[in-house]
Amino acid sequence: MAELPGHELYIIGFKNDVSYFNKCQKAIEDLWLNNVHLISDATEVERDSLLASSTFFIHSLREEPFGITTVQGIAAGCIPIVHNSGGQKEIVQDVDLRFESEHEIPGIIRSLQSANRMPSIKKGLQEHIKAYDTMVFRRHFKSLVEQKLPNS
């Protein structure tokens, strides 16, 4: 975030490990990262409010099995920037939005902002996540179950 002084980063997560949280807080202070904010144990309303007011959503977990938080970020109107592994590749199909190393993130953000592609990217992402809608899931699940049931 030192490379992106005009941006704010909100790290939202659970404060399960207090020593890790304190280590992160100390790193933010030691590196003078005034644009980084730790939000621990946020409510759904707090999380959704932050997502709705954000442009980008960064998900750095490697080998995420599915990526429901990424779907939530997209649904809130964010452009996701995710690690190029696991289920994230299914959710975020545009390779320009995926990274191998966190050091690539500032360049991805600057590139997206200068290319003026953000409206079309958002639209495509919004269309793509419709496949993960609850009703779509239920319809597919019902179809699979019906295929396995004996004909009566």
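Odds and ends about this structure:
- Cβ pairs under 9 Å, 6+ apart, first in the stretch 22-40 and of a type in the set (Phe, Trp, Tyr), second surrounded by 14 or more Cβ atoms within 10 Å (Cβ to Cβ) and assigned to a strand (DSSP E or B): none
- Positions within the stretch 1-30 being out of contact with any Pro (no Cβ under 7 Å at 6 or more places or on another chain) and assigned to a loop (DSSP other than H, G, I, E, B), in sequence order: MET1, ALA2, PRO5, GLY6, HIS7, GLU8, PHE14, LYS15, ASN16, ASP17
- Residues that are more than 16 Å from HIS59 (Cβ to Cβ), surrounded by fewer than 11 Cβ atoms within 10 Å (Cβ to Cβ) and of a type in the set (D, E, K, R) within the stretch 93-138 comprise LYS123, GLU127, LYS130, ARG138, listed in sequence order.
- Of the helices (runs of 4 or more DSSP H) that lie entirely inside the stretch 31-100, those containing 3 or more residues that are under 28 Å from VAL18 (Cα atoms) and charged (D, E, K, R) span 44-52.
- Qualifying residue in the stretch 60-77 (condition: in contact with a Cys (Cβ under 6 Å, 6 or more places away or on another chain) and not acidic (Asp, Glu)): no
- Among the candidates VAL36, VAL71, VAL82, the residue that is more than 21 Å from PRO5 (Cβ to Cβ), modelled with pLDDT of 95 or more and either touching a His at 6+ places or on another chain (Cβ under 6 Å) or surrounded by 13 or more Cβ atoms within 10 Å (Cβ to Cβ) (or both) is uniquely VAL82.
- Residues in the stretch 39-60 that are within 20 Å of LEU125 (Cα to Cα) and among the hydrophobic types (A, V, I, L, M, F, W, C): LEU50, LEU51, ALA52, PHE56, PHE57, ILE58.
The values are calculated or read from the model by the stated rules, or taken from the named source; none is laboratory data. Bear in mind the structure is a predicted one, so any value in this text is a computation, not a measurement. Note that each Cβ is placed from the backbone with ideal geometry, even for glycine, and that neighbours are counted across all protein chains shown.
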